[in-house]
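Everything on this sheet refers to the single structure shown next.
The values are calculated or read from the model by the stated rules, or taken from the named source; none is laboratory data. Quick caveat, the model's predicted, so the values are computed rather than measured. For neighbour counting, all protein chains shown are included, and Cβ atoms are generated from backbone atoms with ideal geometry for every residue, glycine included. Heavy atoms of the whole protein, side chains included, go into the accessibility calculation; ligands, DNA and RNA do not. Shrake-Rupley method; radii C 1.70, N 1.55, O 1.52, S 1.80 Å.
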Amino acid sequence: MRRWSPWLVSALALGYLFLYGPMLSLVVYSFNASRLVTVWGGFSTKWYGTLAQNEKLLNAALLSLEIAAASATGAMILGTLCAVALVRFGRFRGRFLFLAMTAAPLVMPEVITGLSLLLLFVSLQQLTGWPDGRSALTIAIAHITFATAYVSVVVQARLSQMDRSLEEAALDLGARPLKVFMTITLPLIAPSLIAGWLLAFTLSLDDLVIASFVSGPGSSTLPMVVFSSVRLGLSPEINALATILLVTVSVCVIFAGCLLAKRDPN
Amino acid sequence: MKPARFLTSGFGRWLVTALPFLWLAVFFLAPFVIVFGISLSRSRFGVPPYEPLISNGTIAARLDNYAFLLGDSLYVNALLNSLKIAATSAAICLLIGYPLALGIARAPERWRGGLLLAVILPFWTSFLLRVYAWIGLLKSEGPINGALLAVGVIDQPLQLLQTSFAVHLGIIYTYLPFMVLPLYATLERQDISLLEAASDLGARPWRAFLTITLPLSLPGVVAGFLLVFIPAVGEFVIPELLGDSRTAMIGKVLWTEFFNNRDWPLAAALAVAVLALIVAPLAWLEHVRLKRVEATR
């Protein structure tokens, strides 16, 4: 029996055309000499030059990378703790509330998360003086909070599949729980920690809405700068930026894919 | 299996739970209490731009903002509109995503990983820039109108941007991977011998699909639908960049109320309303679905 019918092959072709066509159009137009992005005016790479001199955009990109790295690390730690508590501790008091708090950010509209965090920061500042205005710090706190939920999901999946007999053996042989966790559990769940970190990093780097609510003067992230420029219309520099991002991500993903395929031939 | 013995008591266990618990209580739970409090306040000029709820020992709570939300059809319409747009987009996404997922699941095994990776890859790139790509494609001097003009189907460029069509398209495009992944997960696990049996017994492929493949993949269909519907309901960027005032969605209305009108209490009241009317039922639905999925494992 033929399992891969011509119907399915054409569905695949159309599906990938739909997914990649618009992204390829960004790449093609980034080499357009004309400022009117979608009207072809000859081949040119000049927009990459102007992009390299756009300090506002570059500073925002740098800030975004810093915030993403910091919040991914924070979310990885908190998310792993959440996952360990939820998967390994059985029933404990407050577990339902705990579960609800780690799952709710996944279904929360970004505008509501952003608004509520901003109102929290404003009220906290009134009451305690901290945080002193909004800055990159408040953005990072916001990103840690919502990314923790995602990391927790990823790590939970791995933890619940993990073979427990190794941990049991180590405990039987008298190893302390912390030592068991560090030498056995952690190395075994490490791939999910890396996956969770990358997920949190991407979510932070990509976030416009929450950052817009909790950022302060001088802490505009890359999506915020891109958004304000896109609102005014098309800009060939944004196309050049998109191309660089697409190429970087594709190279990384393909590299990671090959690495995984090599390690795990199935 | 022996009951969990891992960190059954002691300081370590307490710390592992308390740290994320406290963080989430302060930065996730407490904000909602504050949002609710401020939704009962009134906006004013000043810093912060709302009246304190408690002054001189008396609580000045008012329901004005909620009455205003109910009284102005803008908000009710935006809420209904969001539900409608999200549901239609998720349904169309299902129609596009299903054949794609089936195609990957039935592909030769050594190709599946790569094909799946190609569906996920766009997710790792910028969401904002993928929406931006459609502005260029849909505008009146853009390539879609250009192609239609060149073929002669139309003699004037169509207004594609700032329409409800563009908003639907944007949602479908950005959330398609969320639809394909759960569908693929259920389709890939399906026992192909069932289809072979059906075919041996004389069922045509289409019939075999309707009686075997589709019913067995229903958990994936539900999961995919919700994964697209949930983020789409509160979407801000897509209706802002691709839509217009007729396609006002609740996320955009809240944003405008906060940033443009600077009415924090009203925005807070709107957030509470969305939480109660949309997020809470959806969260409950997800909870029930996940419980069921766990039970069938």
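Highest mean packing first, where packing is the average number of other Cβ atoms within 10 Å per residue, the peptides A:121-129, B:56-64, A:134-142 line up as A:134-142, A:121-129, B:56-64. Computed from Cα positions, the angle between helix A:136-161 and the longest principal axis of chain A comes to roughly 60 degrees. Between A:V180, A:V226, A:V151, the residue with the greatest mean-square fluctuation in the GNM of chain A (Cα pairs under 10 Å linked by springs) is A:V180.
Take each residue in B:27-40, count the other chain C-beta atoms within 10 Å of its C-beta, and the mean is 6.
Near B:E51: Cβ cut-off under 15 Å, other residues only, Lys/Arg at +1 and Asp/Glu at -1. The net charge is +2. For A:L81, the shell of other residues with beta-carbons less than 12 Å away shows a net charge of +2, using +1 for Lys and Arg and -1 for Asp and Glu.
Each 10 Å bin from 0 upward holds the following percent of the Cα-Cα pairs of the protein assembly as shown: 3, 15, 25, 27, 19, 9, 2, 0, 0. A 1.4 Å probe, protein heavy atoms only, puts the accessible area of A:S220 near 50 Å². Close amide H pairs (under 5 Å, H built 1.01 Å from N) link B:Y50 with B:R44, residues at least 5 positions away or on another chain.
What shape does the range A:55-263 take by its C-alpha gyration tensor, where a ≥ b ≥ c are the square roots of the eigenvalues and a/c under 1.5 counts as rounded, a/b above b/c as prolate, and the rest as oblate? In terms of gyration-tensor shape, oblate. Surface composition of the range A:120-266: carbon plus sulfur atoms hold 67% of the accessible area, using a 1.4 angstrom probe and ignoring ligands, DNA and RNA. Taking amide H atoms as placed 1.01 Å from N in the peptide plane, the amide H of A:N32 lies under 5 Å from those of A:S44, each 5 or more residues away in sequence or on another chain. Largest first, the three principal axis extents of the alpha carbons in the range B:1-142 are 73, 63, 25 Å in whole numbers. Cα-based radius of gyration for the range A:109-228, normalised by 2.2 N^0.38 Å, reads 1.42.
In the range A:1-142, the ratio of gyration radius to Kirkwood radius, Rg to Rh, stands at 1.14 when only Cα atoms are counted. Of all complete DSSP H helices in chain B, those with a Cα span along the helix axis of 30 Å or greater and a mean Kyte-Doolittle hydropathy of 0.5 or more are B:73-105, B:164-189. Over the range A:81-160, the reciprocal of the mean inverse Cα-Cα separation, the Kirkwood hydrodynamic radius, stands at 14.1 Å. Averaged over the residues of B:173-186, the number of partner chain Cβ atoms lying within 10 Å of the residue Cβ comes to 1.
Chain A packed on chain B takes about 8400 Å² of accessible surface away from a 1.4 Å probe, both sides summed.
Note on the protein assembly as shown: helix-only mean residue ellipticity at 222 nm, from DSSP H runs of 4+ residues weighted -39500 (n - 2.57) and normalised by residue number, equals -23000 deg cm²/dmol. Applying Stokes-Einstein at 10 °C and 1.306 mPa s to the Kirkwood radius of the range B:30-296, computed over alpha-carbon pairs, gives a translational diffusion coefficient of 73 µm² s⁻¹. When all protein chains stay in place and ligands, DNA and RNA are ignored, the 1.4 Å accessible-area order of A:F43, B:F32, largest first, is A:F43, B:F32.
What chain A shows is 48 Å² of accessible area per residue, with the surface traced by a 1.4 Å probe over protein heavy atoms.
When the alpha carbon gyration tensor of the range A:1-82 is reduced to an equivalent ellipsoid, its three semi-axes come out at 34, 32, 7 angstrom, largest first.
B:E294 exposes around 130 Å² of accessible area when a 1.4 Å probe is run over every protein chain in place. For chain A, the longest principal axis of the alpha carbon atoms and the long axis of helix A:95-107 meet at an angle near 10°. In terms of accessible area, using a 1.4 Å probe and ignoring ligands and nucleic acids, B:M249, A:M182 rank largest first as A:M182, B:M249. What is the log10 of I(q)/I(0) for the range B:60-99, computed with the Debye formula using one identical point scatterer on each Cα and no solvent, at q = 0.20, 0.25 Å⁻¹? Each listed q corresponds, in turn, to -0.66, -0.79.
Heavy-atom accessible surface of B:I54, to the nearest 10 Å², is about 110 Å², with a 1.4 Å probe and all protein chains retained. Classified by the C-alpha gyration tensor, the range B:221-297 has an oblate form. Its axis ratio a/c, with a ≥ b ≥ c, is 1.5 or above, and a/b does not exceed b/c. In the range A:38-115, the C-alpha radius of gyration followed by the widest Cα-Cα span (Dmax) gives 21.6, 67 angstrom.
Ranked by solvent-accessible area (1.4 Å probe, protein heavy atoms only, all chains present), the residues B:K84, B:K139, A:K46 order from largest to smallest as B:K84, A:K46, B:K139. In terms of its C-alpha gyration tensor, the range A:202-266 comes out oblate, because a/c is 1.5 or above while a/b does not outweigh b/c. The apolar share of the surface of the range B:30-296, taken as the fraction of accessible area on carbon and sulfur atoms (1.4 Å probe, ligands and nucleic acids excluded), comes to 66 percent. Averaged over the residues of A:85-93, the number of partner chain Cβ atoms lying within 10 Å of the residue Cβ comes to 4.
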